[in-house]
Amino acid sequence: MNNAPATTPDDSEPAPRSEQELRDAMVRRLIELGAARSPRVVAAFRTVPRHLATPGVDVTKAYDAEYVAVTKTDASGVDISSVSAARIQAMQIEQADIRPGMNVLEIGSGGVNAAYLAEMAGEQGQVVTVDIDPDVTRRARDFLKATGYHNVTVVTADGEHGVPEHAPYDRIVVTVQAADVPPAWVHQLRDGGRLVVPLRMRGMTRTVAFVRDGERLVSDGFELCGFVPMQGAGENRMRLAVLHDAEGEEIALRLDGHPEPDTEALRAALRTPRAEAWSGVTLAGDESNEHLDLWLTTALDDLPLMAAKPAARQRGLVASASPLGVPTLVEGDSFAYRTVRPTNDPDRYELGAIGHGPRARAVAERLVEEIRTWDRDHRAHRARIEVHPAGTPDDRLPAGRVIDRPHTRITISWP
């Protein structure tokens, strides 16, 4: 059998792959990543021609499992609308556990994801997709018309309020980052129904699968993710405390309900020599920090995320940089952030902390202490996240971190 790649007639360039071949290759990658697991999700992603939603994008890139197509930014340059990466879409749809005949609400539109949801709900099901931006809903209508999905209703409205005229819903899938869970989402969801939402908790965003249990929501799994922020009545953006502002090397703390820092003192602290503390706790090379970071934000009061441009790391200003932010413990005029270093085993890395400021070592040791606590007491477990109505008394909440939002009290607790 000849396994050589197909070539053009002059045998000099590989022949372009068909759209179906590109979809099949994307799905193979989604399966490898663990994002697509069930046969029906796999079939949906093999079917929808997602490249039609991004006509200005090369068709090969459109079928890259990790490619995010930004479709709109605001006046300050913040991305406010996008076609999410196929990996994230598949992950959320798996979390939603959509079955044929279900009534599904999507909050945050665009067309492609609604088509996947329509594939999952089937001809007897119904999908409603809502977005506050008429440009977004216009693109969604155009895409759904071009691709022949007739069981999708597109609504231009503020998703904060859901779409009551088509409720109740068996599933609600939110495709924008939310800092709170509006009452409408809970009340329009059937009891026992599932809400999948990228929920921001003290700066950290996880796409959480919640099950409605009366007036509360209880988590049934969560995944690390990143989404554009919600607009409208539910908008709640993070603030930045800038520690270094040289062009291309910016370093800042993302504040999400954290105490107001002494920014000038922390800017001065960044210029002091670093102090290192190491935990003896290791991670495998392919093991995520996400559960550790959620423990740290549960245990520590003042733990914003440090965002740094890659050039800041290259210059040695910081040792760690991540687009999602690095947990950073702030204590007055000093701070310390989580980091890793190689071990003698090429596939394992040791967790530690790097501190700056007059109390650098003490703050770094405090962070390392909680890393050891996570390893000893919680590493084998997963957090439980619950959403309760605002005003719920403390004695009716589970023990753990409480995050108060305008509509809800969100709790993070550990076994």
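The values are calculated or read from the model by the stated rules, or taken from the named source; none is laboratory data. It should be emphasised that the depicted structure is a prediction, and the values quoted were computed from it without experimental measurement. Counting neighbours? That spans all protein chains shown, and the Cβs are built from the backbone with ideal geometry, glycine included.
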Worksheet item: Name the strands (runs of 3 or more DSSP E) wholly within segment 301-415 that hold at least 3 residues that are within 26 Å of ASP286 (Cα to Cα)?
Response: 305-308, 326-331, 334-342, 348-356
Worksheet item: Can you spot a residue in segment 304-325 that is among the β-branched types (Val, Ile, Thr) and surrounded by fewer than 22 Cβ atoms within 10 Å (Cβ to Cβ)?
Response: no
Worksheet item: Given the conditions (1) surrounded by 16 or more Cβ atoms within 10 Å (Cβ to Cβ); (2) without any contact (Cβ under 8 Å) to a residue 40 or more places away in the chain, and given that PRO342 satisfies all but one, which numbered condition is not satisfied?
Response: (1)
Item to complete: Would you check if there is a residue in segment 177-188 being surrounded by 20 or more Cβ atoms within 10 Å (Cβ to Cβ) and under 21 Å from ALA35 (Cα atoms)?
Response: yes
Practice prompt. Of the conditions (1) at pLDDT below 95; (2) within 24 Å of the chain's Cα centre (by Cα), ARG315 clears all except one; give me its number.
Written response: (2)
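Quick check on SER288: is it outside any helix (DSSP H, G or I) and at pLDDT below 95?
Answer is yes for this residue.
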Discussion item. I'd like the residue in segment 57-99 that is at pLDDT below 90, under 18 Å from the mean Cα position of the chain (by Cα) and assigned to a loop (DSSP other than H, G, I, E, B) and, out of all such residues, is farthest from LEU22 (Cα to Cα).
Written reply: VAL78
